[in-house]
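> Supplied in structure tokens, the structure appears directly below.
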Amino acid sequence: LYNLKSRHARGAPYTRTGDIVIAVNPYQWINGLYTSETQAYYASSLIWSQSSTPADVHPHVYETSSLAYRGLACQGQNQS
């Protein structure tokens with residue numbers, strides 16, 4: 001819980017525990033959290049760069065979608 005509180009105070013509503021990304025509702029708009037640039041960063045880091053791992057980026061909902069896409073499209077893994 002300390003980690004969640006600390007990240008929330010810094011305007012980072014996401015944290016990771018293993019393969020699970022946890023979101024805390026910040027009850028405010030956080031600028032830059034869902035921009036096209038942020039989405040492109042996660043796509044280039046986790047989809048198109050096969051050497052990157054989730055540990056190389058900050059936790060984000062785009063991490064989850066990028067890893068699911070990489071598993072499905074690039075590695076042929078079932079996502080269900």
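> Mind checking which of Ala9, Ser51, Ile20 is farthest towards the positive end of the chain's charge dipole, using Cβ charges of +1 (Lys, Arg) and -1 (Asp, Glu) about the Cα centre?
Selected residue: Ala9.
> Percent relative contact order of the chain, based on C-alpha pairs within less than 8 angstrom and at least six residues apart? Please report the intermediate quantities before stating the final value.
Numbers: 64 pairs, mean separation 18.3, N = 80.
Worked out over the chain, it gives 23 percent.
> A follow-up question, please. To the nearest 20 debye, what is the magnitude of the charge dipole of the chain about its Cα centre, counting +1 on the Cβ of each Lys and Arg and -1 on the Cβ of each Asp and Glu?
Details: 5 positive and 4 negative charges, 48 e Å.
In debye, rounded to 20, the chain gives about 220.
> Hey, any idea what % of the chain's accessible area is carbon plus sulfur with a 1.4 Å probe?
On the way: 3110 of 5610 Å².
So the carbon and sulfur contribution to the accessible surface is 55 percent.
> Here's another thing I want to ask about it. What does the charge count around Ser66 come to, taking other residues whose C-beta lies under 15 Å from its C-beta (Lys +1, Arg +1, Asp -1, Glu -1)? Working shown, then result.
On the way: positive: Arg16, Arg70; negative: Asp19, Glu37, Asp56, Glu63.
With Lys, Arg at +1 and Asp, Glu at -1, the neighbours total -2.
> Let me ask another. When all alpha-carbon pairs of the chain are counted, what percent fall beyond 16 Å?
Numbers: 1699 of 3160 pairs.
Cα-Cα pairs in the chain separated by more than 16 Å: 54 percent.
The values are calculated or read from the model by the stated rules, or taken from the named source; none is laboratory data. In this text the structure is predicted, and so the values were computed from the model without any measurement. As a convention, Cβ positions derive from the backbone with ideal geometry for all residues, glycine included, and neighbour counts pool all protein chains shown. Each accessible area value is taken on the protein alone, full model and side chains, heavy atoms only, with ligands, DNA and RNA left out. Shrake-Rupley method; radii C 1.70, N 1.55, O 1.52, S 1.80 Å.
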